[in-house]
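Enquirer: Quick one: the structure is below, and I'll ask about it shortly.
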Amino acid sequence: MGDSLNKTVKLINLPETIASCWHTKVRVNLYPEKFLCLIECNTDVLVEVCNWLYSELRYRFASLVVEDQPEKWLLRYIFYGASEGGQVHILCQLSKTEKIIPSISNVVHAADWQEREAEDLFGLVFEEHPRLGDFILHEEWPEGVNPMRTEFDSLKPYVHREVDPEWRPVRIVQTPGAFMMPVGPIYSDFAESAHFLLETVGEDVIRTIPRLFYKYRGVEKIAEGKSVEHVILLAERFSGTSAFAHSLAFCQAVEDIVGIEVPERAKSLRIFMAELERFRHHIGAIAGICSSTAMAVPASQASILEEELLRLSCALTGHRYLFGLNIPGGLSIDFNNDILKNIATTISDVLQKLSELKEMLCFSSSFLDRLEEVGTISRERAVSYGLVGPVARASGMIRDLRKVLPYSGYEKVDFIVPCEQEGDGYARLRVLFSEAEQSAQIIHQVAFSLPSVPVVSPVFSMVHGSSLGWVEAPRGAAFHWVKLGEDGRIARYRITTPSFTNWHGFHLAAEDFAFQDFPIIMATFGLSNAECDR
Amino acid sequence: MNKWVFKGLKTGIKTTLYPDKEETAIGISPGLPRGKQTMGDEAQVVSRCPTQALNYIEEMISVDYRRCIHCFRCLRGIHNPVEWDKGYEWAVSIKEIDDPSRMLGKAFGHSIHIRFVDGGACGACISEIEQINKPYYNIHRLGFFITPTPREADVLLVAGPITDHMRHPIKKAYDAMPTPKRVIAIGTCAISGGIFGPSFASEAGISNLIPADIVVPGCPPPPLSIIHGLLLVVSRKPSASLTSPKSTEGRKTL
Amino acid sequence: MISPSNFFILFLILCSLVVVLSVFLPDRRNPLFLAWISSIAAILILWSSGNVLLYGRPFQIELWTLPFLGTLVLQMDRLSALFVFITGLVFLPVSIFSAEYMKKYFSRYNLKTFSIFYHLLFASIVLLLIANDIFSFLLTWEIMSILSYLLVNYEHEKYENTSSGYLMLAMSEAGTIMAAFAFLLLVNGSGGLDFASLKSASAGLGDSSRWAIFLLSFFGFSVKAGLVPNNIWLPKAHPAAPSNVSALLSGVILNLGIYGILRVNADILPVTQVGLGLITLFVGTVSALVGILYATIRNDMKVMLAHSSIENMGIITAGIGAGFVFTASGYSVLAGIAFIAALYHMTNHSLYKALLFLGAGAVDSSVGDRNMDRLGGLIKVMPWTGLFFLIGALSIAALPPFNGFVSEWLTLQTMLQSAALQSKAVKIVFALCGAALALTAALAVTCFVKAFAMSFLGIARSQKAEKAVEVRRSMMIPMGMLAVSCLLFGILPTYIIPVLDHTITHLTQESVVDELVPPFFTVAKGDPKFNEAFVSEFHDIGAQTGRNIIPGRGLVVLHRGTERNPVVFAMSTPYTLVVLTLLLGGTFILIRVLTNARKVMRKPAWNGGIRRLMPEMTYTATGFSNPVRVIFEAIFRPSTFDERKETIAEHFRTAINNERKEVHIVDRSVFQPIVRGIQSIALLLGRMHTGSVNIYAAYVLFSLAIVLVIQWFM
């Protein structure tokens, strides 16, 4: 109780503090019941305000939402407090004739890729951003056509342009004799499509800039104008391995807009399912790390556990990846308490086998050799790039949305957030094991303390409004910002995924390491291109 | 090193006996809706399908598997749901039965090399495809291998609605394969675009780009149905049908 | 029959004629004229020396008698004849090549002077090789040095060329002075200045003089031969010179250093101390290793070939050193084998190095760039140059059935023969040097794979490389001649070894041809050396195939041992060539027949699905040789300077650039300390120059006093 009071106090003081610094230039609105503070400012003080919020008050950058409204551009910078909770949205308006806005990437580096995405998809120019262009839309896309603008027809296939024969990829290393090793977009056995140019002078990879967005399906655009029932299907399916988490974030955003209260049982079951998904995802990531170092037996052991969990999910919910469970207001089906308790016991057995695997791996020196001190990210870098998820926690950055911005009843669940300091591949592996343990433990807690109330709230209708939904997905923090129009359909849907945030920082780990370590570093990150590319 | 050998031996054999025996474990497949005769108000279920996979023709509810995205809205929250089929042999060959280029031929029966290409798939299809190389399903025992280069591949597995940026690489991969070659489209997205296509960034499946020989519907199709597709391409298993009931298969074009 | 001496005189007349005529010919006609005349001159000299070499009729010409200096004598014995033959073999194709190649200097430099210098150099080299007394030797040596400097510095407008040429001249003069001192010591106690009287008087020289003469002459001539530590002029001189002059430099002039070493230390004053031989062996091995290491990491074609010349000279010297050790220990048969290996390698090196330099010249004149980081894909536009360069690369990498294989193999085998020696310490030195030579052979393969692949294969890395065209036929023919001779010298070792044997019998007093080339074709029954059992054993494995058709002693190089170890080493490159041809040809035909029914489709290479493979995405020469750079970092000691990481606001890195500089290990360990030492001494002495006249007067008085004191004591 005292804690929440502290949070509101901090947040409540914001308007005075801001007013004292920039009195005429910003306008502050405070919504204490939502822990939300809205700051409207002009473009000339934007960088200062963001800098102050980020460096002084230690708020973290979550997302940049750009809306193409009839007379103006509306930019919304979403920050949230890492220790105090609460969200701060900075709103900035640009008239349609101006298209230049100052870039905050030099100050808040986590905004780098968000601004590049806005430039590619909307056509806004962020001043002083040194690397605009060739991000989401690749070199065959015509100049000046921006898909996220309202006048762009999302159903029409785009017109291809002949690629300029002089076009060259960006080249950072200019030592004489340096060259780039191209990897992808089709490579390896089952790798997702992405293109890497590893710049090297022969042995070590000096610089690698991934070229992603080969899997860009334009989810944000095709969601516009569709009903909530339709868009929840999109939210589940754009990243199938964290389907439940993303659909949960979307549902929470819609529930917040409509203002309905989700029943307790639904909240607990949502925790159950989310942790089940996290458990399965982490085991899959561990299997991926073992197979990237070519250790066949532990990879097989972890894969066996992963398949057992998939079959368990299918037996419980009807789908191996938990599709079709979340609906705004609760869950679509209810479960028998006894069955859930049995499942919790099975999960404890799986955890037991996982712990045995962990013990054996800790003593495999050839395995650890490939992970220790390989792909290191220092804490300062992790903080400045705003990394999230197990990757950040392995570098000493404890930041878990389940603790910082508790949702869906997590404030009542007892668990710890594991953290390591070294920031190398082995630290990330240890974090994965510890989090899996915590997930199993949460599942057990929840299964044995389920309230018996309905699993879904009564039927309601959509209203117009906008809100932020967030979730700690298996790979890290995900933010879904939803705006419903007058007709109750989606007007703007913005997704910031943990893979997007972490791919931004991937090059920090892959630089200055040998080419052979590259697939292992990728496996320890456990990122999904589908989630990043949307 | 010997501790790993003992660990492996202690864990025992987990591999499924399919295709020699039916797999009966729980949770191996989400199942698919089944078409049926009906009349009157049962047809309301047809309107619940977001991708128009359910149709009401001639007093029959027919399911077009090429569009089913496993949202379960025809099964849940409704007082007369469709009937559900819990099988997994879903792969369909879309060439005529007397087309000589239909299958790969006897020489490939126990030895094919597979190249998987990701055309924008969400992680679920990729995860299911990865499972076929893992202990529970293990395609090596069937003689199927994954190869990282299309030059040595006989079969191209494609998943995902083909995104715009992946059109060129997939075409190049297909051209780089030596004949005879076959293409298997995995997942509803690769057949009809699923929930993403057609749009400015995705195609409506792979058929516009390269000819697909076999399709495996599902969102995602479980590993056993992917294996069924591979067995189908070497004629070791018969084909399923694109729609249910089979008689409505006349409408083959999307 | 015109005698060899008459041929030789004809040659001299031709050269002088050319020198005079080229003054009057216009520039445009000069290269062609030069090519014709020097080719004819080369043929003449080949005929002349070939006669002496093969038929053993040395000739001697006595020139003028100078007062106090004795008679100037010219004599071509078999040793000189070998070197003159090699000179002719290299000058012939280089002259033909020059016809087209010199055209690129047409308006910028004076082609007449080139022609004059070229022929004068040719004449001086031949005269040097047949000079038989100290005065004419030193005179022609100086003339040769100066002329080679003038030719190397031909493009004198570029600053780096003049400084390289100057360095070459300075070091050459230093070496000449050391050699002159050696000759001075030799003259002590001898009647006249000619080599014959020097030789007869040499028996009486004491141990310390022998050491002094050896060290002075060895290190003096090693400058010209390009051995460590006197090799730093080589990598600078080669890229400065026009390519045909580089071919001469590596193929002919470096041999003159070896000639000097052999003439003084094997002919006039044969080595009798094992220690001296070990020094030669050691210097040779170190040169070989250092040479090939630097060759592997260099990207400029001609610099790489220059370092490779150092390596090959090192191998030759190592062979000679082994020969010295065997002679000093009394194993004259093994010494003979060692010398044959060394001289064979020298011949081979002249051939393939000239070929490689001509190839580099062809690439340079066609593309305009020699840096392998900017070449690539040339085999599509220059197929013949690529083929000949490939043959040169295969030869220098010592791959059968080309000539490099035979000589490298023989050299390594002689290293192994050290097992016969008594002293353990010597055997250990031989073992280490043998291992080091094996390492250089492996590095040589790396180096030339990189040289060929980066220049000719792959895709073009620059605009110039894309637009290159094949050179004209007059430039291809000499390369073809050299390539064919590389092959011939590789598959006909059993004909060349007897010729070399005649040459070294003079030095070791024992013929070793029987030890190396058993006469499988000509053996008579009841021959004491080759009994029936032995011959029939080898007959069973085909050593007598072709006995009645092919002339000569046989086609197998074989060295016999004792009863327990009947064959110490054996090989046969002609049979290998036959087998290789049959296997490759047979496989090719078989595949064609078997797959006749199938269609072959040609598609572009699979590159992961990217739109277009760009030159930046292919391996560069620097990247290819990076592992060598990393492994041998202790030798290279690269120092990174100017490491610039341009960033914007700490996060956006826009460029990473670092320049690496490497100082050659010889410079670092030998010359820079000496220079620094001399500079510090000079600084110290400089304090004497105070500028005050009184102090200088005091110096004069002081030195006068010392002289008086000394005089008083005497």
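Enquirer: Just checking: which of the helices (runs of 4 or more DSSP H) contained wholly in the range A:241-318 hold 3 or more residues that are among the charged types (D, E, K, R)?
Expert: A:264-292, A:296-317
Enquirer: Can you tell me which of (1) among the small types (G, A, S); (2) more than 7 Å from every other protein chain (Cβ to nearest Cβ); (3) surrounded by 24 or more Cβ atoms within 10 Å (Cβ to Cβ) is the one B:S207 doesn't meet?
Expert: All conditions are met except number (3).
Enquirer: If a residue has to be at the interface with chain C (Cβ under 10 Å from one of its Cβ atoms) and open to solvent by less than 30 Å² (accessible area, probe 1.4 Å) to count, how many in the range A:182-197 make the cut?
Expert: Number of matching residues: 8.
Enquirer: Every residue in the range C:422-458 that is in a helix (DSSP H, G or I) and either out of contact with any helix residue (DSSP H, G or I) (no Cβ under 7 Å at 6 or more places or on another chain) or open to solvent by 60 Å² or more (accessible area, probe 1.4 Å) (or both), please.
Expert: Residues satisfying the conditions are C:K424, C:A425, C:K427, C:I428, C:A431, C:L432, C:A435, C:L439, C:A442, C:V445, C:V449, C:A453.
Enquirer: Hey, can you tell me all the residues within the range B:10-59 that are at pLDDT 85 or above, among the aliphatic types (A, V, I, L, M) and open to solvent by 90 Å² or more (accessible area, probe 1.4 Å)?
Expert: Passing the criteria: B:I13, B:L17, B:I26.
Enquirer: Let me ask you something else. Scan the range A:356-377 residue by residue and report those that are open to solvent by less than 50 Å² (accessible area, probe 1.4 Å) and not in a helix (DSSP H, G or I).
Expert: Of everything in the range A:356-377, those that are open to solvent by less than 50 Å² (accessible area, probe 1.4 Å) and not in a helix (DSSP H, G or I) turn out to be A:S364, A:V374, A:G375, A:I377.
Enquirer: Under the condition of being small (G, A, S) and either without any contact (Cβ under 8 Å) to a residue 12 or more places away in the chain or closer than 18 Å to A:W141 by Cβ (or both), which residue from the range A:93-130 is farthest from the other protein chains (Cβ to nearest Cβ)?
Expert: A:A118
Enquirer: Continuing with this model, one more query. Residues A:S247, A:S227, A:S239: which one is in contact with a strand residue (DSSP E or B) (Cβ under 8 Å, 6 or more places away or on another chain), under 19 Å from A:R494 (Cβ atoms), within 12 Å of chain B (Cβ to nearest Cβ) and buried (at least 24 other Cβ atoms within 10 Å of the Cβ)?
Expert: The match here is A:S247.
So that you can scan it fast, the table gives a plain yes or no per residue for (1) in contact (Cβ under 8 Å) with a residue 12 or more places away in the chain; (2) open to solvent by 30 Å² or more (accessible area, probe 1.4 Å); (3) at the interface with chain A (Cβ under 10 Å from one of its Cβ atoms); (4) of a type outside the set (G, A, S):
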| site | (1), (2), (3), (4) |
| --- | --- |
| B:D99 | no, yes, no, yes |
| B:R102 | yes, yes, no, yes |
| B:H110 | yes, yes, no, yes |
| B:V117 | yes, no, yes, yes |
| B:A121 | yes, no, yes, no |
| B:I126 | yes, no, yes, yes |
| B:P148 | yes, yes, yes, yes |
| B:L156 | yes, no, no, yes |
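Enquirer: Could you tell me which of the residues B:Y18, B:Y65 is of a type in the set (S, T, Y), within 23 Å of B:I227 (Cα to Cα) and within 15 Å of the chain's Cα centre (by Cα)?
Expert: One residue alone meets the criteria, B:Y65.
Enquirer: Tell me which residues, restricted to the range B:64-94, are away from chain A (no Cβ under 14 Å) and in contact with a helix residue (DSSP H, G or I) (Cβ under 7 Å, 6 or more places away or on another chain).
Expert: B:R66, B:N80, B:E89, B:W90, B:A91, B:S93
Enquirer: Right, next: I need a count of the residues in the range A:319-355 that are assigned to a helix (DSSP H, G or I) and either open to solvent by less than 40 Å² (accessible area, probe 1.4 Å) or of a type outside the set (K, R) (or both).
Expert: Going through the range A:319-355 one residue at a time, the tally reaches 17.
Enquirer: Answer yes or no as to whether C:F195 is of a type outside the set (D, E, K, R) and touching a strand residue (DSSP E or B) at 6+ places or on another chain (Cβ under 9 Å).
Expert: In short, yes.
Enquirer: Which condition number does A:P263 fail, the rest of (1) open to solvent by 10 Å² or more (accessible area, probe 1.4 Å); (2) in contact (Cβ under 8 Å) with a residue 24 or more places away in the chain; (3) more than 27 Å from A:A477 (Cβ to Cβ) being met?
Expert: (3)
Enquirer: Confirm whether A:S355 is within 17 Å of B:K10 (Cα to Cα), of a type in the set (S, T, N, Q) and touching a residue at least 60 places away in the same chain (Cβ under 8 Å).
Expert: The answer is yes for A:S355.
Enquirer: Of all the residues that make up the range C:105-156, how many are open to solvent by less than 10 Å² (accessible area, probe 1.4 Å), closer than 16 Å to C:G175 by Cβ and either polar (S, T, N, Q) or in contact with a Pro (Cβ under 6 Å, 6 or more places away or on another chain) (or both)?
Expert: Residues flagged as open to solvent by less than 10 Å² (accessible area, probe 1.4 Å), closer than 16 Å to C:G175 by Cβ and either polar (S, T, N, Q) or in contact with a Pro (Cβ under 6 Å, 6 or more places away or on another chain) (or both) within the range C:105-156 amount to 2.
Enquirer: Moving on to the next point. Sort through A:G330, A:G318 and tell me the only one that's under 22 Å from B:L224 (Cβ atoms) and within 12 Å of chain B (Cβ to nearest Cβ).
Expert: A:G318
Enquirer: Just to verify a result, which residue in the range A:201-216, among those that are touching a residue at least 60 places away in the same chain (Cβ under 8 Å) and within 7 Å of another protein chain (Cβ to nearest Cβ), is farthest from the chain's Cα centre (by Cα)?
Expert: Of everything passing the filter in the range A:201-216, A:E203 is farthest from the chain's Cα centre (by Cα).
Enquirer: Still on this structure: Looking at the range C:33-83, which of its residues are open to solvent by less than 10 Å² (accessible area, probe 1.4 Å), closer than 16 Å to C:I13 by Cβ and among the β-branched types (V, I, T)?
Expert: Answer for the range C:33-83, where residues must be open to solvent by less than 10 Å² (accessible area, probe 1.4 Å), closer than 16 Å to C:I13 by Cβ and among the β-branched types (V, I, T): just C:I45.
Enquirer: Identify, please: which residue in the range C:601-627 is more than 43 Å from the chain's Cα centre (by Cα) and over 14 Å from A:M181 (Cα atoms) and is, among those, surrounded by the fewest Cβ atoms within 10 Å (Cβ to Cβ)?
Expert: C:R602
Enquirer: Here is a further query. Quick test for you: out of A:L121, A:L132, A:L155, A:L137, pick the one residue that is under 24 Å from the mean Cα position of the chain (by Cα), open to solvent by 30 Å² or more (accessible area, probe 1.4 Å) and not basic (K, R).
Expert: Within the list A:L121, A:L132, A:L155, A:L137, the selection yields A:L132.
Enquirer: All but one of (1) crowded, with 16+ Cβ neighbours inside 10 Å; (2) in a helix (DSSP H, G or I) hold for C:N6, so report the exception by its number.
Expert: (1)
Enquirer: Could you look through the range C:546-600, keep only residues that are of a type in the set (D, E, K, R) and in a loop (DSSP other than H, G, I, E, B), and pick out the one that is nearest to the chain's Cα centre (by Cα)?
Expert: C:R553
Enquirer: Can you name the residue in the range A:501-534 that is away from chain B (no Cβ under 14 Å) and over 25 Å from A:F433 (Cβ atoms) and is also most open to solvent (accessible area, probe 1.4 Å) among such residues?
Expert: A:D512
Enquirer: Please count how many residues of the range C:290-320 are open to solvent by 10 Å² or more (accessible area, probe 1.4 Å) and under 23 Å from C:F214 (Cβ atoms).
Expert: 1
Enquirer: I need the full set of residues from the range B:128-146 which are more than 7 Å from every other protein chain (Cβ to nearest Cβ) and either at negative phi or part of a helix (DSSP H, G or I) (or both), in order please.
Expert: B:E128, B:I132, B:N133, B:Y137, B:I139, B:H140, B:R141, B:L142, B:F144, B:F145
The values are calculated or read from the model by the stated rules, or taken from the named source; none is laboratory data. Not measured: the values here are computed from a predicted model. Note that we place each Cβ from the backbone using ideal geometry, even for glycine, and neighbour counts take in every protein chain shown. For the accessible areas, the whole protein counts, side chains as well, though only heavy atoms, and no ligand, DNA or RNA atoms are used. Shrake-Rupley method; radii C 1.70, N 1.55, O 1.52, S 1.80 Å.
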